[in-house]
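Just below is one structure, and these are the notes that go with it.
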Amino acid sequence: MADAPHLLDATMFWNPSGGVRRYVLAKRQFAQAYHPHWRHTIANPTPDAADQLRVPGWPLPGSGGSYRLPWQRAATARLLAAARPNLVEAADPYRLGWAALDAAAQLSVPAVAFCHSNLDQLARSALGGGRAGALAARAARRYAVHLYRHFDLVLAPSEAMATHLRGWGVPRVQRQPLGVDCKVFHPDRADPAWRSALGLPADARLLVFAGRFAPEKNLSVLVDAVRQLGPRYWLLAIGAGPQPPRGERVICHPLQLDAVQLATALASSDVFVHAGAQETFGLSVLEALACGTPVIARAAEGLAELVDAPVGLGVGSGRTDAFAEAITAVCEQPRAALSAAARARAAGYAWDQVLPPLWQQYGRLMGHNEALSPAAPIDLSQAQAVIRP
């Protein structure tokens, strides 16, 4: 075993628009800045750098080619173990998660799981609710306990997700929020020329959404709210997915992989809107807050922990009229106060704020302490893709 601590991150969720990818690359950059003696190996089925470990996998049905699913548990475990890490972290609960556990057991090293997805909600949604959905959700909860009970630590990005896991019976669960690069996502990115290029009326109120165009995002609620509010309101949707929003005064822009360009769009808009009720965290919401853009989001799951009255509004209902009322209320408030509160909220989630406690957890699991005193915010602009799937 090498003298330098060696962390291995294993994930199948690896594509240019992936939130898990952003988290893992942020950790790498953080380690390079404050823990240069650490080694960091990234293992995934679709590597985009020469120093990443390729894990064999088959295309995942329904992912549009974005993800590959590793099936060969034993072979994958041997591949991971051959890297000789001191600690293994798995970012998904499927075959790669089990292989990560096997590799950690072979090496007698700690294993960490990061629960980025709510398996209960995924199973329930897949079967359309009702009795079948309830049975699927129950099976998913039992599976989650069966898997996660073997890990030395289970991380959840929000207290809501941590509470779910504990309620299901998963042991050793701790909240570990995700973060944002507050240098890239900044109010100074606002650009009147960018906004003018949209060709909107001078008095337009521009709402923006950035993320995956998927059913669980409830984009139809936002489209209907814009129609209900009238000709002054416009919706800009940035992203990709199977259900792009369509409607009067709706503008769709493609997936934006340049963090600075996305920050420009967020900072130049009046309000960020998100009607999804299943987010375990909400990276795009956090990025909007860092840009000083007030947010209106469903007051559910992880979003409820990021959004409240000082920075915008949390909406307790998924109804169109509830969102329309919230949009009107926020647009009529003084922008300066909302922007300052949003920026302050995001500052508490800067990567150099949320990652030091994680490194202390790593050190504890490996039997030593890791002291960190970041001198200044780190620039992760080259490490991040900017749309969460």
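The values are calculated or read from the model by the stated rules, or taken from the named source; none is laboratory data. If you're wondering where the values come from, they're calculated on a predicted model, not measured in any experiment. Cβ atoms come from the backbone with ideal geometry, glycine included; neighbour counts cover every protein chain shown. The accessibility values were calculated without ligands, DNA or RNA, using every heavy atom of the protein model including side chains. Shrake-Rupley method; radii C 1.70, N 1.55, O 1.52, S 1.80 Å.
Quick notes on this structure:
- Taking the conditions (1) modelled with pLDDT under 95; (2) in contact with a helix residue (DSSP H, G or I) (Cβ under 9 Å, 6 or more places away or on another chain) in turn, residue 292 satisfies each one other than (1).
- Subset tally (residues that are under 17 Å from residue 82 (Cα atoms) and surrounded by 18 or more Cβ atoms within 10 Å (Cβ to Cβ)) for the stretch 40-63: 7
- Every residue from the stretch 72-92 that is surrounded by fewer than 20 Cβ atoms within 10 Å (Cβ to Cβ) and under 25 Å from residue 18 (Cα atoms): 72, 73, 79, 83
- Members of the stretch 253-298 found to be under 17 Å from the mean Cα position of the chain (by Cα) and small (Gly, Ala, Ser), listed by number: 259, 263, 275, 276, 277, 282, 284, 288, 290, 297
- In the stretch 307-333, the residues that are in a helix (DSSP H, G or I), open to solvent by less than 10 Å² (accessible area, probe 1.4 Å) and either of a type outside the set (Gly, Ala, Ser) or under 22 Å from residue 262 (Cβ atoms) (or both): 311, 323, 327, 330
- Residue 21 meets all of the listed conditions (1) surrounded by 14 or more Cβ atoms within 10 Å (Cβ to Cβ); (2) farther than 22 Å from residue 213 by Cα but one, namely (2).
- Condition broken by residue 33, with the remaining ones in (1) open to solvent by 50 Å² or more (accessible area, probe 1.4 Å); (2) of a type in the set (A, V, I, L, M); (3) more than 28 Å from residue 286 (Cβ to Cβ) satisfied: (3)
- Filter pass, residue 219 being more than 22 Å from residue 342 (Cα to Cα) and modelled with pLDDT under 95: no
Residue-by-condition table, conditions (1) over 23 Å from residue 281 (Cα atoms); (2) within 19 Å of the chain's Cα centre (by Cα); (3) part of a helix (DSSP H, G or I); (4) touching a residue at least 24 places away in the same chain (Cβ under 8 Å):
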position	(1), (2), (3), (4)
21	no, yes, yes, yes
24	no, yes, yes, yes
28	no, yes, yes, yes
37	yes, no, no, yes
40	yes, no, no, yes
61	yes, no, no, no
66	no, yes, no, yes
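- Filtering the stretch 292-306 for residues that are surrounded by 16 or more Cβ atoms within 10 Å (Cβ to Cβ), free of Cβ contacts under 8 Å to residues at least 60 places away in the same chain and in a helix (DSSP H, G or I) leaves a non-empty set.
- The one condition from (1) part of a loop (DSSP other than H, G, I, E, B); (2) open to solvent by less than 70 Å² (accessible area, probe 1.4 Å) that residue 183 does not meet is (2).
- Scanning the stretch 247-287 for residues that are surrounded by fewer than 22 Cβ atoms within 10 Å (Cβ to Cβ), closer than 17 Å to residue 343 by Cβ and of a type in the set (D, E, K, R) yields a count of 1.
- Tallying residues that are within 19 Å of residue 20 (Cα to Cα), open to solvent by 40 Å² or more (accessible area, probe 1.4 Å), touching a residue at least 24 places away in the same chain (Cβ under 8 Å) and outside any helix (DSSP H, G or I) within the stretch 159-180 yields 1.
- So residue 146, is it surrounded by 19 or more Cβ atoms within 10 Å (Cβ to Cβ), of a type outside the set (Asp, Glu) and modelled with pLDDT of 95 or more: no
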